[in-house]
Structures are given as structure tokens and as C-alpha cells.
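Here is the structure we will look at, set down as C-alpha cells.
No lab work stands behind these numbers, since they all come straight from the coordinates. This structure is a prediction, so every number in the text was calculated from the model and none was measured. Glycine also receives a Cβ, built like all others from the backbone with ideal geometry; neighbour counts cover every protein chain displayed.
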Amino acid sequence: MDTFTVLDSAEDVAAAAAADVAQALREGARSLVLAGGSTPRRCHELLSEMEVEWGRVSILFGDERCVRPDHPDSNYLMARESLLDRVAPATVYRMPAELGPDVGAELYARVVAAVAPLDVVMLGVGEDGHTASLFPGHPGLKATGLAVGIRNSPKPPPERVTLTLNVLQTARRVIIVATGVGKADAVARAKRHEVPSGMIGGARWFIDRAAAGNLPSPRRGEG
Ligand code: 6PG
């Protein structure tokens, strides 16, 4: 059963999600999968200031765009700026998507196989309800295995590498963040399990009032 924690602001969402991740890491979680996009940035910044023994933590990525790791669109670059350059994780397994969707997925599947089951996975949500680079109706959503290359992504850039839905579904703790009125429809559809972000049982959602739409707030509810 998913849980939905509704907070007043995006800043409160970032703080609550960061605290949840930090608690899991203090309780022994060893692998942390970072989300892409822009929403996690503030969460990463706050997480970097929290008490965590980063020397015990391996960092992985939920998805990556097929761009160089120093490209402005790179999820790795965002993670470096907001978290990785501020703390010292034991290991950072960068997703080598610049090698292309197929090669990147093949190489990263080996990483996931070595690290799985994943302890903590952070995810964002797109306005269409996608998560990582798993898009509604896209063939990548049905991929088996551990990682898959994505072409014709509805969200630019078109080529990506992503963990598969099954990998996300088997993680020990999944934390999903969504803020802003633009995500309200996606959150509602996720609550009805109609979109990829709503297909991960037991996810811990942290959303603000705007993304909660007609959900009463602030409240913690089952979804
Ligand atoms: C990506 C992300 C993607 C993102 C959502 C939300 O690489 O684009 O993994 O799944 O989390 O699209 O993006 P925002 O946080 O920027 O709204």
C-alpha cells in the first residue's frame, strides 16, 4: 500500500524526503538510487547536510539521459552538484548512458545485478505519470531484466537508460517526490495505479498541497 505524506511546500517535501532517506541509511541501508530531473535537487542538498555515514553507502542512478556526464541535461551532473561533490559515498556507480541506450543498459544491468536488491530508491514523477524513464504506453515499461535502453522518450532528450519497473518494484524502500500543480493529475492517476509511478507497491510519496490536488492536507494517508 502506497503512503502519501502531504506537506505545505516544495521545501517541506524536500526536507521530509531527505530525512526519510537519511533515516533509512542510518538504519543500515547500503545502496541509494538517485532520481533524475529537477525536483530531487533540493532534497539532495538537504540530505548532504544530514548525519549519514556515507562511507557505507553505494550510489546508483534510476535513469540517465544519453548525454555526456558534464552536459546540462545529465542527471549525474545534477547529483554531483547537489550531493555527490558534498559528501563522500563509498562508491558511485554512474550510469554510462553517453555510450547509447543499448550499451548503457547492458553495462548497468551488470552493476544492478551485483548490488541488488536495492535498499533505497528515490524517484520523481513526470506530468504524464512516468517515473525514471518508464513512460506510459512505452515499450520500455514492459522490459524484463534490470536496465533497459529507451528511444523516442516523450520527454527530451529522446534516448535514455533506465532501471526496469521490476527492479523498482523489488527495492526495499521507494521514496517518490512530486511538487507543483503540474503533477496533480499524475499523482491522481498514480493513486489509481494507471501510470508507471503508481505501479510500485508500498512507495512512500512525499508531495506538496499543489501536487495533492483535492487530497486534504497536511495529512498522511494510504493510497
Ligand atoms: C528524468 C527523470 C524523470 C523525472 C521526472 C520529473 O531523467 O527526466 O528521471 O523521471 O524524475 O520527469 O522531473 P522534474 O522533477 O524535473 O519535474
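Using a Gaussian network model on the chain with a 10 Å cutoff between Cα atoms, which of D85, D73, D102 fluctuates the most?
Fluctuation is largest for D85.
Return the sequence-ordered ³J(HN,Hα) values of the range 3-8 in whole Hz as given by the Karplus equation 6.51 cos²θ - 1.76 cosθ + 1.60 applied to θ = phi - 60°, using x for Gly and Pro.
Listing the rounded values in order: 10, 10, 9, 9, 10, 5 Hz.
Please figure out what share of the DSSP beta bridges in the chain is antiparallel and state it in percent, rounded to the nearest 5. Can you show the working numbers first?
Details: 11 of 32 bridges.
The antiparallel fraction comes to roughly 35 percent.
Starting from 0.36 nm per residue, how many nanometres of slack lie between R192 and L77 once their C-alpha separation is accounted for? Please report the intermediate quantities before stating the final value.
Details: separation 115, 0.36 × 115 = 41.40 nm, distance 3.34 nm.
Taking 0.36 nm per residue and subtracting the Cα distance, the gain is 38.1 nm.
What value, in deg cm²/dmol to 500, does the helix sum -39500 (n - 2.57) over DSSP H runs of n ≥ 4 give at 222 nm once divided by the residues of the chain? Intermediate values should be presented prior to the final figure.
Details: 7 runs with 62 residues, N = 223.
So the helix-based figure for the chain works out to -8000 deg cm²/dmol.
What does the charge count near D12 come to, summing +1 for each Lys or Arg and -1 for each Asp or Glu among other residues with Cβ under 12 Å from its Cβ?
Details: positive: R42, R209; negative: D8, E11, D208.
Neighbourhood net charge equals -1.
In the chain, which whole DSSP H runs stretch at least 20 Å along their own axis (Cα) and average 0.5 or higher on the Kyte-Doolittle scale?
Numbers: long enough: 10-26 (24 Å, 0.58); 101-115 (21 Å, 0.87).
Qualifying helices, which must be both long enough and hydrophobic enough, are 10-26, 101-115.
Near K183, which aspartates and glutamates are there with a Cα under 19 Å away, not counting those fewer than 8 places off in the same chain?
Correct list for K183: D2, D8, E11, D12, E127, D128, E194, D208, E222.
Which residues does a label at N152 reach in the range 43-70, if reach means a backbone N under 19 Å from a point 7 Å past the Cα toward the Cβ?
Those under the cut-off are 66.
Between T131, C43, Y93, whose Cα lies farthest towards the positive end of the dipole of the range 6-140 when Lys and Arg beta carbons carry +1 and Asp and Glu beta carbons carry -1, centred on the Cα centre?
Farthest towards the positive end: Y93.
Based only on the alpha carbon positions, what is the Kirkwood hydrodynamic radius of the chain, in angstrom? Could you put the intermediate results ahead of the total?
On the way: mean 1/r = 0.0589 Å⁻¹.
Its Kirkwood hydrodynamic radius stands at 17.0 Å.
Per-residue HN-Hα couplings for the range 121-137, Karplus 6.51 cos²θ - 1.76 cosθ + 1.60 at θ = phi - 60°, whole Hz, x for Gly and Pro?
10, 9, 9, x, 9, x, 5, 8, x, 5, 9, 6, 10, 9, 9, x, x
Could you give the size of the charge dipole of the range 113-223 about its Cα centre, using +1 on the Cβ of each K and R and -1 on the Cβ of each D and E, expressed in debye and rounded to the nearest 20?
Values: 14 positive and 8 negative charges, 39 e Å.
Around 180 debye, computed over the range 113-223.
Taking the Cα centre as origin and putting +1 on Lys and Arg beta-carbons and -1 on Asp and Glu beta-carbons, what dipole magnitude results for the chain, to the nearest 20 debye?
So the magnitude is around 420 debye.
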